[in-house]
Each structure stands twice: as structure tokens, then as C-alpha cells.
Amino acid sequence: MLVVGLTGGIASGKSTVSQYLRELGAEIIDADVIARELVYPRSSAWQEIVNHFGREIIDEKGFLQRKKLGQIIFQSPAEREVLNKILHPKIKQRIAGLIEACRHKKDVPLIVVDAPLLIEAGMIGMVDEVWVVAIPEELQLQRLRERDNLSVTEAQKRLVSQMPLQEKLKYAHRVIDNSGTINETKKAVYSIWKQVVSMV
């Protein structure tokens, strides 16, 4: 069974592609969902994060305030590295277990690991193919500002905190252009789906 790593820059439309692949019948393993589960109040990862970043990043119920934490890590590469060292090994371990569980399902044509930091977190060895969702940087900046209500400076800080698209493309087995309409993107994804599923 083919395991695909789906990645792309922030606000590139990776979630749209992932959702469509789910509709087509793929089993989606979402790294962001796993990351949120891992930092549930009183979990070991939560404790490590609070110990390092302080209790001001949690709300009155003990949940991480992702926006506050995001402001810290997007401004400081060192702090971002601390968070990644806490979370990445745990995320990889959970994903490995889910991939193994999916392999035993007979009706799954494709396993997709949806992970924004697939390459940066060293997860390439866990997948058979890397698919990169790509859009021009100016469009990415525009979509990010609109989505998260950010200033130009804030949005640019988030973009430069990530691996550049050109670097990600070096790892890509397939590239999905998401700069057009949703229907155009769906057509491109479906074309790849037909090729890949017929191979498995």
C-alpha cells in the first residue's frame, strides 16, 4: 500500500487537497490533529511545553493558547526549535503507529500523511512519495493575511520561518499547483489519484 506525504507552505491550500483526497477514499493521517492531541492538558508534551514557555501560554482551563505560542515561536527560531524537539519525536512515533494500523485495512487505496513539516521533521523516510502543494509566494502571503488577519510584517515572519517552497520542491515526487480555482485543483488531484491508485 502506497504511503504519501502531503506537504506545502503555510496557507498553500494543503488542507483543501487533503480533504479532497479523503473524499476520494484515502486514509488521512493529520499531523496537526496529532499535535493538538499530544498537547492536551496534563499530557507529558503539555507539561514540557508549559515548563519551558511558562503558564502564560495556557488559558484558564489549562489548554495551550496556540495564538500566543505561535507569536513566540514565529519570532524566535531558538524557541521554535525547542517546541519542535518536544513535539516532533512524539508526532513521528504516533504517525508510525497509525501507518502500521492502516496497512492492515483492506479497503484503503492510499495512506496520506498530511504534515506541513514533513521534510523539516525528518518524516520523509516514513513515506513512499512526497506530494507538495505549491502556490506563488505573493498569493501565499495574500491568503495567509486574509486567513489569519495578519499584517504584512506578521505574515512575512511566518513565511520566512518555514522551509522555502523551492527547497521543498527538491523532495517532491509530484507537485499540485493550487494557484487556480478549487475545481482546477481538484482536477489535478484526481488526475494524480487515478495514476497512483491504478499502480497499487
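The values are calculated or read from the model by the stated rules, or taken from the named source; none is laboratory data. Keep in mind the model is a prediction, meaning the values are calculated, not measured. In this analysis, Cβ positions are derived from the backbone assuming ideal geometry, glycine residues included, and neighbour counts consider all displayed protein chains. The accessibility values were calculated without ligands, DNA or RNA, using every heavy atom of the protein model including side chains. Shrake-Rupley method; radii C 1.70, N 1.55, O 1.52, S 1.80 Å.
Using only the alpha-carbon atoms of the chain, report the extent along each of the three principal axes, biggest first, to the nearest angstrom.
The Cα atoms of the chain stretch 51, 40, 28 Å along their principal axes.
Could you tell me which of P116, Q93, V130 has its Cα farthest along the dipole of the range 90-149 towards the positive end, charges placed at Cβ (Lys, Arg +1; Asp, Glu -1), taken about the Cα centre?
Value computed over the given set: Q93.
Which of the three applies to the range 96-173, rounded, prolate or oblate, going by the alpha-carbon gyration tensor with a ≥ b ≥ c and a/c under 1.5 meaning rounded?
Prolate.
Mean Kyte-Doolittle hydropathy of -1.0 or higher plus an axial Cα length of 24 Å or more: which whole DSSP H helices in the chain meet both?
Within the chain the helices that satisfy the rule are 77-103, 182-199.
Need the list of lysines near K106 for cross-linking: C-alpha distance under 19 angstrom, and skip anything on the same chain fewer than eight residues off.
K194
Could you identify which residue out of N84, N178, N149 has the top mean-square fluctuation in a GNM of the chain using Cα springs shorter than 10 Å?
N149
What number, rounded to the nearest 500 deg cm²/dmol, is the helix-based mean residue ellipticity at 222 nm of the chain, given -39500 (n - 2.57) per DSSP H run of at least four residues and division by all its residues?
Calculated at 222 nm, the ellipticity per residue is -17000 deg cm²/dmol.
Please list F63, F74, F53 in order of solvent-accessible area, largest first, computed with a 1.4 Å probe with all protein chains present.
F63, F74, F53
Rolling a 1.4 angstrom probe over the protein chains, ignoring ligands and nucleic acids, what is the accessible area of R103 in square angstrom, nearest 10?
Result for R103: roughly 100 Å² accessible.
Ranked highest first by average number of other Cβ atoms within 10 Å, how do 105-116, 37-48 line up?
105-116, 37-48
Along the charge dipole of the chain, which of G13, F63, L169 sits closest to the positive end, that is, farthest toward it, with unit charges on the beta carbon of Lys, Arg, Asp and Glu (+1, +1, -1, -1)?
Of the candidates, F63 comes out farthest on the positive side.
Considering only protein heavy atoms, what is the solvent-accessible area of M126 at a probe of 1.4 Å, reported in Å² to the nearest 10?
Roughly 50 Å² of M126 is accessible to a 1.4 Å probe.
Excluding G9 itself, calculate the net charge of residues whose Cβ lies under 9 Å from the Cβ of G9, where each Lys or Arg counts +1 and each Asp or Glu counts -1.
Local charge sum for G9: +1.
How high is the relative contact order of the chain, in percent, with contacts defined as C-alpha pairs under 8 Å that are six or more residues apart?
Answer for the chain is 37 percent.
Would you tally the net charge around E154, using a Cβ to Cβ cut-off of less than 10 Å, leaving E154 out, and scoring K and R as +1, D and E as -1?
Result for the local shell: +2.
All other residues with a Cβ under 13 Å from the Cβ of F74 taken together, and with Lys, Arg as +1 and Asp, Glu as -1, what is their net charge?
+2
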